[in-house]
1. At 0.36 nm per residue, minus the direct Cα-Cα distance, what do Arg163 and His77 gain on full extension? Give it in nm, one decimal, please.
2. Identify the trypsin sites (Lys or Arg not before Pro) of segment 162-220 meeting these criteria: DSSP loop state and at most 12 other C-beta atoms within 10 Å of the C-beta.
3. Between Arg101 and Ile122, take the C-beta separation as r, use R0 = 30 Å, and let me know the FRET efficiency to the nearest 0.05.
4. Return a whole-number percent for the relative contact order of segment 19-124, with Cα pairs under 8 Å and 6 or more residues apart as the contact set.
5. In nanometres, what is the gap between the two model label sites at Tyr201 and Glu27, each 7 Å from Cα along Cα-to-Cβ?
6. Find the all-direction average of the projected area of the Cα convex hull for segment 19-124, expressing the result in square nanometres with one decimal place.
Amino acid sequence: MTWAELEAQNGGLRVADVFRTKVTHGEVITGKVPHGYRIEDKHLVLSEEAPAIQDTIFYFLKHQSMNQAVQYLKDTHGIIMSVQNFKQSILRNEKITGRYRSNDTYCPRLISDETFHQVQRILDHNSNIKSSQKYPYIFTGLLVCAECGQKMGGCHINTVSKRKDKTVLRYKYPAYECKRHRSFKKCDNGGAIREVRIEEYLLKNVKEQFGSYIADFEAKSKKTVDNRQKKNQLQKKNRPVKGFIFK
């Protein structure tokens, strides 16, 4: 090991020791904090958003849907978060129980340990949701809402299926909805259309339109052939005679 490598390793150990000490004393080691908290004198304290985040966590426990919870958070409290951000920075974040790493009293708690464990069980259970595909949303930007003319964006429709052995399966299907309705509620078109229905429509109608196109193309091609034949006949008639062409 070179001297530079040894110094780099020792430097990394010193930084880790500093972070460990800060966490032990309840000090923040990053400027990124979850919703519901803010930094005050190098410590995390509850922010004015804390009641809204706590309320939404209990809403999620009741309905067990992250999409509904995120929409509820937006509509009720005016806080906009993505589903993934809500899951990772709030529901999966142990800081909402006041713990962080080895410090059980790192910051004020938002929920009890029991509530946190209930949330984790729901998330772990929902991780087994079966999906019909990887959600590429291939029609994004191509579909327009018939009500307001706004472009439609990707979403998904959740369905639940119960087997005879009482096993519950949850499925997600890619779909499209009006962005104006989803974001601002300024459009009456609140429904979502599954991607498979769009594909079925296209296969049916494109086949018909393609057949019409082929028919038109063949008709035009025949006309072109006829014109060429007439042109050839005229050219034969108008062969040069002593340096002249009859026109």
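1. Extra length from Arg163 to His77 when fully extended: 27.1 nm.
2. Passing both the DSSP loop test and the Cβ count: Arg163, Lys164, Lys166, Lys185, Lys186.
3. Working: r = 24 Å, r/R0 = 0.81.
In this case the efficiency is close to 0.80.
4. It rounds to 25 percent for segment 19-124.
5. Reported label-point gap for Tyr201 and Glu27 is 6.0 nm.
6. Mean projected area for segment 19-124: 6.4 nm², to one decimal.
Each reported figure results from applying straightforward, stated rules to the coordinates on display, with no laboratory input. Worth saying up front: this structure is predicted, and the values here are computed from it rather than measured. Because the Cβ atoms are built from the backbone with ideal geometry, glycine has one as well, and the counts that use them run over all protein chains shown.
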